[in-house]
Amino acid sequence: MADPCPITTHVLDTSSGMPASNLMIRLEKKDEASGEWHPLKTMRTNNDGRCPGFTQGHKLENCLYRITFETADYFRQQGKPCFYPEVVITFLVEYPEQHYHVPIILGPYGYSTYRGS
């Protein structure tokens with residue numbers, strides 16, 4: 001069964017050259033009327049740095065979403081320093097019928113993101 005809300009993510013750790021497993025990720029949606037952020041899902045990445053079923057049960061809407069990657073805890077588990085204790089990616093869903101893949105490439109002192117496929 002296809003995920004009704006096609007937001008996915010993938011985290012790669014450049015300091016290890018591996019997927020970032022066991023990293024806590026939080027997805028939220030912004031209510032444009034109130035300006036408040038509403039939590040949709042919180043989960044940890046799997047061994048491949050992904051969150052299967054991350055958006056299961058949520059219908060994608062034309063609005064702002066954000067994903068917060070809890071990087072401080074992740075790097076602490078790895079015994080590594082962490083300059084950015086969390087990475088917050090806010091993005092606009094203009095076409096709810098499309099797939100939105102929001103990956104990050106992560107290191108203790110930097111990160112990069114892009115809209116993937």
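Couple of notes before you dig in:
- Taking all Cα pairs closer than 8 Å and separated by 6 or more residues, the relative contact order of region 7-113 comes to 32 percent.
- Cβ-based exposure ranking for Lys59, Lys41, Lys80, in which fewest neighbours within 10 Å come first: Lys59, Lys80, Lys41
- Of the options (i) 2, 7, 8, 10, 11, 12, 9, 7, 7, 7, 5, 5, 4, 3, 1, 1, 1, 1, 0, 0; (ii) 2, 11, 19, 19, 18, 15, 10, 5, 1; (iii) 2, 11, 23, 25, 18, 12, 7, 2, 0, only one is P(r) over Cα pairs in 5 Å bins from 0, in percent as computed from these coordinates, and that is (iii).
- Estimated vicinal HN-Hα couplings, Hz - region 92-99 in sequence order (Karplus 6.51, -1.76, 1.60; Gly, Pro = x): 9, 9, 9, 10, x, 7, 8, 8
- Which of Cys82, Cys63 has the fewest Cβ neighbours within 10 Å, and the rest in rising order: Cys63, Cys82
- Count of Lys pairs (Cα-Cα under 20 Å; at least 8 positions apart or interchain) in the chain: 5
- FRET efficiency for the Lys59 to Lys80 pair, using the beta carbon distance and R₀ = 30 Å, is estimated at 0.20.
- Placing unit charges on each Cβ (+1 for Lys and Arg, -1 for Asp and Glu) gives region 7-113 a dipole about its Cα centre, and among His38, Ile67, Gly107 the Cα reaching farthest toward its positive end belongs to Gly107.
- Exposure proxy order (Cβ contacts within 10 Å, fewest to most) of Asp48, Asp31, Asp13: Asp31, Asp48, Asp13
- Evaluating 6.51 cos²θ - 1.76 cosθ + 1.60 at θ = phi - 60° for every residue in region 46-52, the Karplus couplings come out as 8, 4, 9, x, 10, 10, x Hz, glycine and proline recorded as x.
Bear in mind these aren't lab numbers, they're just calculated from the coordinates by the rules spelled out. None of the values given here were measured: they were computed from a predicted structure. Neighbour counts are summed over all protein chains in view; Cβ atoms, including those assigned to glycine, are modelled from backbone coordinates with ideal geometry.
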